[in-house]
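Reviewing the structure listed below.
The values are calculated or read from the model by the stated rules, or taken from the named source; none is laboratory data. Note that the coordinates shown come from a computational prediction; the quantities given were computed from them, not determined experimentally. In this analysis, Cβ positions are derived from the backbone assuming ideal geometry, glycine residues included, and neighbour counts consider all displayed protein chains. Surface accessibility is based on the protein's heavy atoms, side chains included, excluding ligands, DNA and RNA. Shrake-Rupley method; radii C 1.70, N 1.55, O 1.52, S 1.80 Å.
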Amino acid sequence: MSINRIFRAAPGGRASGAIRVPGDKSVSHRSIMLGAIAEGRTTVEGFLEGEDNLATLKAFRAMGVAISDPVGGRLEIQGVGLHGLKAPAAPLDMGNSGTAMRLITGLLAGQDFDATLIGDESLSKRPMERVAKPLRAMGARIETGEGGRPPVRVFGGQKLVGTRYEIPVASAQIKSALLLAGLYAQGRTTLVEPGVSRDHSERMLQAFGCPVAQDGLTVSLEPVPALKACHVVVPGDISSSAFFLVAASIAPGSELLIQNVGINPTRTGVLDILRLMGADLVLENERVLGAEPVADILVRHAKLKGIDIPEQLVPLAIDEFPVLFVAAACATGVTRLRGAEELRVKETDRIQVMADGLTALGIENRVLPDGIDIIGGPLMGGVVDSKGDHRIAMAFAVAALRASGTITIHDCLNVATSFPTFVRLAQDVGMHLNVEDQAVEDLHE
Ligand code: S3P
């Protein structure tokens with residue numbers, strides 16, 4: 001038996017008031033990983049207590065690291081040092097999290113024990129050779145499953161050597177996996193990316209006392225004898241705030257303040273794209289918390305227009321496209337996305353699954369291998385399947401603000417991977433969202 005969590009999003013409503021979204025998922029993962037291999041006690045505040053980050057937390061506990069239970073986003077990690085991790089007794093289950101699996105693969109490459117990484121149905125279909133191949137070039141011994149997918153088996157006791165690698169796609173997961181392996185390599189590790197990807201690993205490594213040189217699209221790291229524990233402040237997740245940025249933009253009468261949002265310039269593509277579409281966004285109270293810049297974002301309803309999304313913004317908004325497609329559906333004219341083939345290897349094929357849902361709601365669209373054209377128009381109510389993808393479930397809940405009938409969204413349990421408080425916050429701001437759990441034989445048969 002499994003559970004089909006259904007979101008019923010009734011039409012209308014708005015997004016008004018003042019909210020805080022939970023902590024950033026990417027920064028939360030990295031706080032555990034670096035805290036675990038640092039020397040001393042790392043304290044974290046603003047940690048995202050979502051399933052993905054809890055999978056990372058459990059994996060490091062299974063490797064012998066004492067980590068307190070998060071309480072209100074606060075936790076403590078007793079670092080064991082670069083060479084203090086222990087062999088886990090069982091395969092490490094990364095659940096739904098590609099970030100956890102890929103970054104931990106890089107870290108495991110430098111250990112002296114063997115370990116296996118497994119994941120859920122979605123993660124078990126995602127490509128892992130993109131990290132395994134360059135790690136092998138550094139001297140790691142790694143086996144992936146059929147078609148280069150999980151399980152990932154990492155064999156310890158290998159001698160790693162720093163390398164120069166040109167990463168074929170702009171991917172912070174690949175870059176970060178190789179930087180983590182670089183901590184254990186002899187000599188310098190240099191990575192060149194084809195486009196800008198999020199730089200949380202670089203910033204946090206510096207905060208833990210490991211210098212990372214950045215020059216345009218090139219980053220390099222020289223191993224240090226030890227990382228030093230520190231205090232990590234996790235900003236609110238701009239990817240979670242994106243649902244509310246679009247909600248307030250599309251729903252007439254909305255005025256919403258989202259407080260304490262991370263505005264790291266490698267993550268703000270969603271702000272740039274929404275502004276190009278005509279959104280009314282004002283950044284207030286800009287400040288720096290720890291290693292990351294944050295701001296409060298004031299968003300008011302605005303008339304959106306379709307645009308050609310500049311390709312260089314794609315990696316800077318990579319997780320925000322499901323809800324940006326909803327913005328495009330509510331805009332006047334056509335929105336064109338290109339150069340976004342990476343969306344096809346996220347938690348689902350986000351181009352196709354979003355296109356199917358938009359079609360079910362009466363929105364005309366044309367799917368291309370690397371993108372989509374979305375023709376803005378009236379949204380009808382209807383039934384859509386998120387296919388277990390958290391961001392697709394939340395995106396269609398937002399769409400109901402402008403729909404003429406109820407939108408029923410299936411397979412929404414995974415919203416808990418990144419945004420466990422989404423439904424409550426959506427209700428708080430004035431969205432008409434309800435949840436129903438149905439027991440089913442097998443959800444994905
Ligand atoms: C992440 C990087 C991105 C993003 C993911 C989180 C990270 O993936 O989609 O949700 O924390 O490094 P890619 O770097 O593979 O694009």
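Structure notes:
- Which listed residue is part of a strand (DSSP E or B), of a type in the set (Gly, Ala, Ser) and either modelled with pLDDT of 95 or more or open to solvent by 10 Å² or more (accessible area, probe 1.4 Å) (or both), from Gly35, Gly79, Gly110, Gly84: Gly79
- Any hit, the range 333-340, residues being touching a Lys or Arg at 6+ places or on another chain (Cβ under 8 Å) and β-branched (Val, Ile, Thr): no
- Which listed residue is assigned by TED's automatic domain parsing to the domain that holds Ala172 and more than 24 Å from Asp24 (Cβ to Cβ), from Gly119, Gly95, Gly110, Gly106: Gly110
- Scanning the range 175-222 for residues that are without any contact (Cβ under 8 Å) to a residue 24 or more places away in the chain and surrounded by 18 or more Cβ atoms within 10 Å (Cβ to Cβ) yields one hit, Glu202.
- Residues of the range 238-275 that are in a loop (DSSP other than H, G, I, E, B) and either outside the structural domain of Ala400 (by TED's automatic domain parsing) or open to solvent by 10 Å² or more (accessible area, probe 1.4 Å) (or both): Pro252, Gly253, Ile263, Pro265, Thr266, Thr268.
- Scanning the range 285-326 for residues that are part of a helix (DSSP H, G or I), aliphatic (A, V, I, L, M) and open to solvent by 30 Å² or more (accessible area, probe 1.4 Å) yields no hits at all.
- Test: residue in the range 272-281 that is within 16 Å of the ligand (Cβ to nearest atom) and of a type in the set (Lys, Arg): no
- Any hit, the range 292-315, residues being within 16 Å of the ligand (Cβ to nearest atom) and among the polar types (S, T, N, Q): yes
- Test: residue in the range 142-156 that is farther than 22 Å from Thr348 by Cβ, away from the ligand (no atom under 14 Å from the Cβ) and in a loop (DSSP other than H, G, I, E, B): yes
- Hey, Asp385 open to solvent by 30 Å² or more (accessible area, probe 1.4 Å), touching a His at 6+ places or on another chain (Cβ under 9 Å) and not assigned by TED's automatic domain parsing to the domain that holds Lys125 or not: yes
- Taking the listed residues Lys133, Lys125, the one that is free of Cβ contacts under 8 Å to residues at least 12 places away in the same chain, surrounded by fewer than 24 Cβ atoms within 10 Å (Cβ to Cβ) and within 16 Å of the ligand (Cβ to nearest atom) is Lys133, with no other qualifying.
- Residue within the range 367-379 that is modelled with pLDDT of 95 or more and under 29 Å from Gln438 (Cα atoms) present: yes
- Residue selected from the range 10-28 under the condition under 18 Å from the mean Cα position of the chain (by Cα) and within 21 Å of Ile392 (Cβ to Cβ), by the criterion nearest to the ligand (Cβ to nearest atom): Ser26
Okay, residues lined up against (1) within 15 Å of Ser239 (Cβ to Cβ); (2) in contact (Cβ under 8 Å) with a residue 60 or more places away in the chain:
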{"residue": "Ile307", "(1), (2)": "no, no"}
{"residue": "Pro310", "(1), (2)": "no, no"}
{"residue": "Thr335", "(1), (2)": "no, no"}
{"residue": "Arg344", "(1), (2)": "no, no"}
{"residue": "Val367", "(1), (2)": "no, no"}
{"residue": "Val383", "(1), (2)": "no, no"}
{"residue": "Ile407", "(1), (2)": "no, yes"}
{"residue": "Val415", "(1), (2)": "yes, yes"}
{"residue": "Pro420", "(1), (2)": "yes, yes"}
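- Taken as a whole, the structure places Ala400 among residues that are surrounded by 24 or more Cβ atoms within 10 Å (Cβ to Cβ) and either touching a residue at least 24 places away in the same chain (Cβ under 8 Å) or aromatic (Phe, Trp, Tyr) (or both).
- If you go through the range 158-173 and keep only what is within 11 Å of the ligand (Cβ to nearest atom) and in contact with a strand residue (DSSP E or B) (Cβ under 8 Å, 6 or more places away or on another chain), you end up with just Ile167.
- Phe7 open to solvent by less than 10 Å² (accessible area, probe 1.4 Å), closer than 28 Å to Ala395 by Cα, away from the ligand (no atom under 14 Å from the Cβ) and at pLDDT 95 or above: yes
- Count - residues of the range 309-335 that are aliphatic (A, V, I, L, M) and touching a Gly at 6+ places or on another chain (Cβ under 7 Å): 8
- Here Asp199 meets the list (1) outside the structural domain of Gly13 (by TED's automatic domain parsing); (2) within 16 Å of the chain's Cα centre (by Cα); (3) away from the ligand (no atom under 16 Å from the Cβ) almost entirely, failing just condition (3).
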